[in-house]
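The values are calculated or read from the model by the stated rules, or taken from the named source; none is laboratory data. Everything quoted here is computed from the prediction, not taken from an experiment. Every residue, glycine as well, gets a Cβ built from its backbone with ideal geometry; the counts of neighbours run over all protein chains shown. For accessibility, only protein heavy atoms count, side chains too; no ligands or nucleic acids. Shrake-Rupley method; radii C 1.70, N 1.55, O 1.52, S 1.80 Å.
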Amino acid sequence: MNKLITTDVLIVGSGPAGYTAAIYAARANLKPHMVSGLEPGGQLTITTDVENYPGFGDVIQGPWLMEQMKEQALKVGTEFHNDIISKVNFAKKPFGAITDSGLRFESKTIIIATGAQARWLNIESENKYKGFGISACATCDGFFFKNQNIIVVGGGNSAVEEALYLTNFASKVTLVHRRDKLRAEKILQDRLLNHPKIDVIWDHKVKEFIGSDEPLSLKKIKLINVNNENEKIIDATGAFIAIGHDPATSLFKNQIKMDKENYIITKADSTETSVKGIFAAGDVKDKIFRQAVTAAGMGCMAALEAEKFIAENY
Ligand code: NAP
């Protein structure tokens, strides 16, 4: 028989949104339970330097920041489960959830903070230089590439926005796109194509990232032409992969409203989803900002809204 846990607030996911929700819910005496998910700590655990999370005069490390958030959430009374939710039921009240290890939750509210994952090219050399020249977030890491040659891979709004943003730091930005047409909005395309610091290499894919081992750092990038398979090597010490994100929402399919890209839809200025009592915070509902600090803000909103929901409905 599965162990049953009844609670006021169940938080699914343990990134900045989840931990902030936990801190606020615990301090409201709601004794929240948090189920960590596949990647405890979320996307910040795979970054290195963090310079844009307010409150720290010195550069901090992403994994350290997440440990601090966890410690704070536990200190104020969050019950933490290193586990994965495998099934949810939003059709009955209280809502139901089951974990891989056999825990069964019944909760008055659920806060979904499962985040999103950047898509990667999935070539071997990419793994080697992730965090050492290769990034999937220009806002997070662009600052570290002052006066360097960098490439951005992709042809959508994110790639074009990131390329434009990176011109603030880099000496030259090369957008590498696998087709001869961009998917990005026309106005962004115009800005990109007219920017003196930006070049575009059309019809090419990255074949290999090349660099040094000590210190581990990216130096060159081998590209392949998708039409004739000709290869060329360009100098670049940074590469930003901007080929889209996938929100972690498959668990909630058919239980809650999502947009066509599977991001959870919430009401304006709120974390309330299409099911009353279920809230969504952070990258799982946000394809625009995707920052730790915005996710944390939404986690706070979700906890306050959950508290209000419980007061009004139970
Ligand atoms: P996206 O629109 O899906 O574009 C992904 C780009 O990456 C496409 O150009 C695609 O090429 C390319 N790509 C995908 N897989 C690849 C691979 N394996 N190798 C090389 N290239 C690959 O993703 P996004 O730009 O992240 O945008 C996601 C959503 O957020 C969109 O709806 C977008 O409009 C929205 N967004 C909006 C704003 C804004 O409004 N300011 C800003 C950012 C994002 P193909 O073109 O050949 O498919």
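Please state the shape class of the chain: rounded when a/c is under 1.5, otherwise prolate if a/b exceeds b/c and oblate if not, all from the C-alpha gyration tensor.
Cα axes put the chain in the prolate bin.
Can you list the aspartates and glutamates whose alpha carbon sits under 15 Å from that of Lys181, skipping same-chain ones fewer than 8 residues off?
Once the sequence-local aspartates and glutamates are set aside, what remains near Lys181 is Asp190, Asp199, Asp203.
Hey, can you rank 89-99, 169-179 by average C-beta count inside 10 Å, highest first?
Per-residue Cβ counts within 10 Å, averaged per peptide and sorted highest first, yield 169-179, 89-99.
Contact order normalised by length for segment 10-49, with contacts defined as Cα pairs under 8 Å and 6 or more residues apart; what percent is it?
This gives 51 percent for segment 10-49.
Hey, for a label at Ser86 modelled as a point 7 Å past Cα toward Cβ, could you say which residues of segment 100-124 have their backbone N under 17 Å away?
Label zone hits: 100-106.
In the chain, what % of DSSP beta bridges are antiparallel (nearest 5)?
So the antiparallel bridges amount to about 45 percent of the total.
For the pairs Lys70/Lys308; Lys92/Lys287; Lys3/Lys92; Lys87/Lys285; Lys172/Lys220, flag any whose C-alpha to C-alpha distance is greater than 26 Å.
Violating the 26 Å Cα-Cα cut-off are Lys92/Lys287.
Given a Förster distance of 30 Å, report the FRET efficiency between Asn29 and Asp100 from their Cβ-Cβ distance, rounded to the nearest 0.05.
Calculated transfer efficiency: 0.55.
Which one of Phe105, Val226, His177 has its Cα pushed farthest toward the positive end of the charge dipole of the chain, where Lys and Arg give +1 and Asp and Glu give -1 at the Cβ?
Phe105
Over the chain, with every protein chain in place, what whole percent of the accessible area is carbon and sulfur at 1.4 Å, could you tell me?
49
Considering only protein heavy atoms, what per residue accessible area in square angstrom results for segment 211-314 with a 1.4 angstrom probe?
In whole numbers, segment 211-314 has 52 Å² accessible per residue.
Could you tell me which of Gly154, Gly62, Ile134 has its Cα farthest along the dipole of the chain towards the positive end, charges placed at Cβ (Lys, Arg +1; Asp, Glu -1), taken about the Cα centre?
Gly154
Can you check what the net charge comes to around Ser107, using other residues whose Cβ is under 15 Å from the Cβ of Ser107 (Lys, Arg +1; Asp, Glu -1)?
My count for the surroundings of Ser107 gives +2.
Residues of segment 80-154: accessible area per residue at 1.4 Å, in Å²?
Normalised by residue count, the accessible surface of segment 80-154 is 44 Å².
Report, ordered by chain and residue number, the lysines lying within cross-link reach of Lys75, taken as a straight Cα distance under 17 Å and ignoring same-chain residues fewer than 8 apart.
Lys31
Could you rank the peptides 219-229, 51-61, 152-162 by their average count of other C-beta atoms within 10 Å per residue, with the highest value first?
Listed from highest to lowest mean packing, they are 152-162, 219-229, 51-61.
Using the 4.7 Å Cβ rule, please list in number order the cysteines from the chain without any candidate partner.
Cys300
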